[in-house]
Amino acid sequence: MLKKGDIILLIFLLVISVLVYIGYFTYKSGRDDYAKVAIISHEGKVIRKVDLDSVAEPIMFDIEGEYKNTILIEKGRIRVLESNCPDRVCVNTSWLDKIGDLAVCIPNRFIIKIEGEPEKVDGVTY
Amino acid sequence: MTRKLKLFFIFLTICIVLISCSKFQKPGLSEDFLMGTVIMQKVYGKNADQAIKAVNKKIADIERLMTINAPGGDVNKINEFAGRELVKVDKDTLYVLKKAWEFSNLSRGTFDVTVGKVVKMWGIFTDNPRVPNVSEIIDALGFINYNDIIIDESKSMVGLKTNGQVIDLGAIAKGFAGDEAIRLYKEYGIKSAFVNLGGNVVVLGNKPDGSPWRIGIQNPQTQQNDYIGIINVSDKAVVTSGDYERYFEKEGKRYHHIIDPKTGYPSDSDLMSSTIVTELSVDADALSTATFVMGLDKALAFVESLDNVEGIFITKENKIYVTHGLKDNFVFEDESKVFEYVEKR
């Protein structure tokens, strides 16, 4: 039979589990809804993660592969500024500033993506 | 004490189970560069990671079989032996070629995979695209004819009638790859998945919360993250062909990548983009190219004549037309304020 202490422990653990459960999803959905994290990957490997809202000064850097892409990050947004690849779709994609936004350089095999659950569409046909 | 410990572990387990079984489960994600484009997968379920791997492997296999941009594979072999002998091909190649012939025939040659010789001439998808001269094009047009594809199904052998003819599956192979992805997801017990093969979207089931997938239709005036409308789909392929996807410029003129098999030049219909929604992505891929080349009037009539096929067409005059079956589904949402949705015509 359960003693008094056991029952207290039981209730205590139940409260803890519910709190952890709620906390986990608050944290998770908080991230998905508000934080704009850009993930830059080259050849399928993540090379840099940037929380766009926490960027104070503009950041500029190059991704070198078969071609060279210059990335520019400002507060809340990111883009490919310059590229010597032949099709330059990545440059034409211009700024990414919404969750789910995407810039791809197929010749240089790299992707910039703002991670998270997009608000309005799950994907785009093009 | 031991009993308390036991209780503690029971609750810990409940905690973990609650979190992992929740409908907010994290999908398996992957982005891979295959078939000359980027393949993006979002897969829900416990076998998601294995399914993603299997799909990437399968797509790499399809690429090896069907590419003409690298040596080896079935299609290169068929082209090499064109006008001489039939060659033995994989069952996947056979299936895609049969599909290609079917849609060439159905579209009366506005879609034609024997367009390869002309595509090569333009250097489309290479680092050095060029504008061929008129006599070259007229000469090459003589090599385009889908009826010259010889298929011996029982022996799984394929050939071309004339030496110099070139099959290019660029407008249909990715479509087939999308169907194979869905087949593999099902094999791995997946109920909910999304795959985007360079703009060809194919979805399995609904999203994990039971709602359909929301697919944006790209704004054809830009390569930015911008769409002109949304459709809600489950178990469907949504494929778009447009003149904005890939192009090159010479002497101020823009040349896009979809060659009209009748003229040998980039298609010059009144359409900027053509989107097809249907069950199989191999069908959607061929039909989006065919309708893009046909132009608005023929495309609308053609798609309305087919069962379970719907379309969204955007003209160079920025007008959007949607087939009957999609009218209730399509949500016009144009932030650029450039387009006009023509509901009745």
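The values are calculated or read from the model by the stated rules, or taken from the named source; none is laboratory data. Computed from a prediction, not measured in an experiment: that's the story for all the values here. Here the Cβ positions follow ideal geometry from the backbone for every residue, glycine too, while neighbour counts run over all protein chains shown. When the accessible area is computed, the model is the full protein with side chains, heavy atoms only, and any ligands, DNA or RNA have been set aside. Shrake-Rupley method; radii C 1.70, N 1.55, O 1.52, S 1.80 Å.
Taking B:Gln221, B:Gln50, B:Gln165 in turn, the Gaussian network model of chain B (Cα-Cα springs below 10 Å) assigns the largest fluctuation to B:Gln50. Measuring against 30 Å, Cα to Cα, the residue pairs B:Lys53/B:Lys91; A:Lys113/B:Lys298; B:Lys98/B:Lys298; A:Lys45/B:Lys207; B:Lys117/B:Lys319 contain A:Lys113/B:Lys298; B:Lys117/B:Lys319 as the ones spanning a longer distance. Put the Cα centre of region B:324-345 next to the Cα centre of region A:57-115 and the gap is 31 Å.
For region B:37-76, the alpha-carbon radius of gyration amounts to 1.44 times the rule-of-thumb value 2.2 N^0.38 Å expected for a compact globular protein. The protection proxy used here, the mean number of other Cβ atoms lying within 10 Å of each residue, ranks peptides B:201-207, B:319-325 as follows, highest first: B:201-207, B:319-325.
For region A:32-126, the square roots of the Cα gyration tensor eigenvalues, ordered a ≥ b ≥ c, give a/c of at least 1.5 with a/b no greater than b/c, which places it in the oblate category. A simple rule links phi to the HN-Hα coupling: the Karplus curve 6.51 cos²θ - 1.76 cosθ + 1.60 with θ = phi - 60°, which for region B:107-112 gives 9, 6, x, 6, 10, 7 Hz, with x for Gly and Pro.
With contacts taken as Cα pairs under 8 Å and at least 6 residues apart, chain B reaches a relative contact order of 16 percent.
Counting pairs of alpha carbon atoms under 8 Å apart in space and at least six apart in sequence, what relative contact order in percent does region B:64-115 give?
22
Centre-to-centre, using Cα atoms only, region B:65-97 and region B:127-205 are separated by 11 Å. Two numbers describe the Cα atoms of region B:253-319: Rg and Dmax, which are 11.8, 39 Å. When the square roots of the Cα gyration tensor eigenvalues are ordered a ≥ b ≥ c, the ratio a/c for region B:208-310 is 1.5 or more and a/b does not exceed b/c, which makes its shape oblate. When each full DSSP H helix of chain B is screened for a Cα extent of at least 24 Å along its own axis and an average Kyte-Doolittle hydropathy of at least 1.6, the helices passing are B:2-20. Remark: accessible area buried at the A-B interface is about 4100 Å², both chains counted, probe radius 1.4 Å. Shielding value for B:243-249 is 2, the average number of Cβ atoms from other chains within 10 Å of each residue's Cβ.
Name the residue farthest towards the positive end of the dipole of region B:134-292 from the options B:Val203, B:Gly175, B:Tyr265, assuming +1 on Cβ of Lys and Arg, -1 on Cβ of Asp and Glu, about the Cα centre. Projecting each Cα onto the dipole axis, the largest value belongs to B:Val203.
Expressed as a whole percent, the accessible area of chain B that falls on carbon and sulfur atoms is 52 (1.4 Å probe).
Could you give the accessible area per residue of chain A, probe 1.4 Å, as a whole number in Å²?
Heavy-atom SASA per residue in chain A reads 55 Å².
Using C-alpha pairs below 8 Å separated by at least 6 residues, the relative contact order for region B:98-205 is 22 percent. Calculated mean residue ellipticity, 222 nm, chain B: -10500 deg cm²/dmol, from DSSP H runs (n ≥ 4) at -39500 (n - 2.57) each, averaged per residue and rounded to 500. Over chain B, the alpha carbon radius of gyration divided by the compact-protein estimate 2.2 N^0.38 Å works out to 1.11.
Put a dot 7 Å past the Cα of B:Lys98, heading toward its Cβ, do the same for B:Asp49, and the two dots end up 3.8 nm apart.
The value given for region B:109-219 is a Kirkwood hydrodynamic radius of 17.3 Å, derived from the mean inverse Cα-Cα separation. Mean-square fluctuations from a GNM of chain B, with a 10 angstrom spring cutoff on Cα atoms, peak among B:Asn200, B:Asn76, B:Asn329 at B:Asn329. Look at the stretch B:28-35: the mean tally of other chain Cβ atoms within 10 Å of its residues' Cβ atoms is 3.
Taking one quarter of the surface of the convex hull spanned by the alpha-carbon atoms of the protein assembly as shown gives a direction-averaged projected area of 28.0 nm². Take each residue in B:213-219, count the other chain C-beta atoms within 10 Å of its C-beta, and the mean is 5. May I ask you to list the GluC sites (Glu not before Pro) in region B:234-304 that are in a DSSP loop and have at most 10 other Cβ atoms within 10 Å of their Cβ? Passing sites in region B:234-304 are B:Glu251.
Among B:Gly170, B:Gly210, B:Gly178, the largest mean-square fluctuation in a Gaussian network model of chain B (Cα springs under 10 Å) belongs to B:Gly210. Each of the peptides B:228-241, A:37-50 was scored by the mean count of other Cβ atoms within 10 Å over its residues; in descending order, highest first, they stand as B:228-241, A:37-50. When chain B is described by a simple charge dipole with +1 on each Lys and Arg Cβ and -1 on each Asp and Glu Cβ, the residue from B:Asn79, B:Ser281, B:Gln41 located farthest towards its positive end is B:Gln41.
Surface calculation, 1.4 Å probe, protein heavy atoms: B:Ile52 sits at approximately 10 Å² accessible. Annotation: amide H of B:Ser30 within the under-5 Å range of B:Gln41, sequence separation 5 or more or interchain, hydrogens built in the peptide plane.
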